[in-house]
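Novice: Pasting a structure here, questions to come.
Any read-out appearing in this document is the output of simple, stated calculations on the displayed coordinates, not a laboratory observation. Keep in mind it's a predicted model, so treat the numbers as computed, not measured. Because the Cβ atoms are built from the backbone with ideal geometry, glycine has one as well, and the counts that use them run over all protein chains shown.
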Amino acid sequence: MEAITPDSLDIILANERDRRTFAYLVDTCGLQRVIKARQALPGRTRPYVSNIAKSLGVTIPEGVVITPREEGRRHLSEIKDFLAARIVAAPATQVRRN
């Protein structure tokens, strides 16, 4: 039997906060209610986890929404490393002389 994942449910999880929110919804409401809410989204409503929470009538607590300090630091470190690599890899700019 295949494990049910957000991808198999066609739920958009764009970042870690969305993943925490999805886990909260499953823990709070149960997987079957989340699946039914996903299937019941009207018309062209995109399957963002926030839309599923709205359809379930669930308010996500701040403790789930706010990024934990260590995770934030890790992301900042990754951004710094990325930018430093771009600066090193960038070709030297040519100075125009008239």
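Novice: For Tyr48, what residues show an amide H to amide H distance below 5 Å, using hydrogens built from the backbone and excluding near sequence neighbours?
Specialist: Those qualifying (amide H under 5 Å, at least 5 residues apart or on another chain) are Ile12.
Novice: Separation between the Thr45 and Asp10 pseudo-spin-labels, each 7 Å from Cα along Cα→Cβ, expressed in nm?
Specialist: Here the answer is 1.5 nm between the modelled labels.
Novice: Using θ = phi - 60° and the Karplus form 6.51 cos²θ - 1.76 cosθ + 1.60, what ³J(HN,Hα) does each residue of segment 53-68 get, whole Hz, x for Gly and Pro?
Specialist: Computed from phi, the couplings for segment 53-68 are 4, 4, 5, 7, x, 9, 9, 7, x, 4, x, 8, 6, 6, 5, x Hz.
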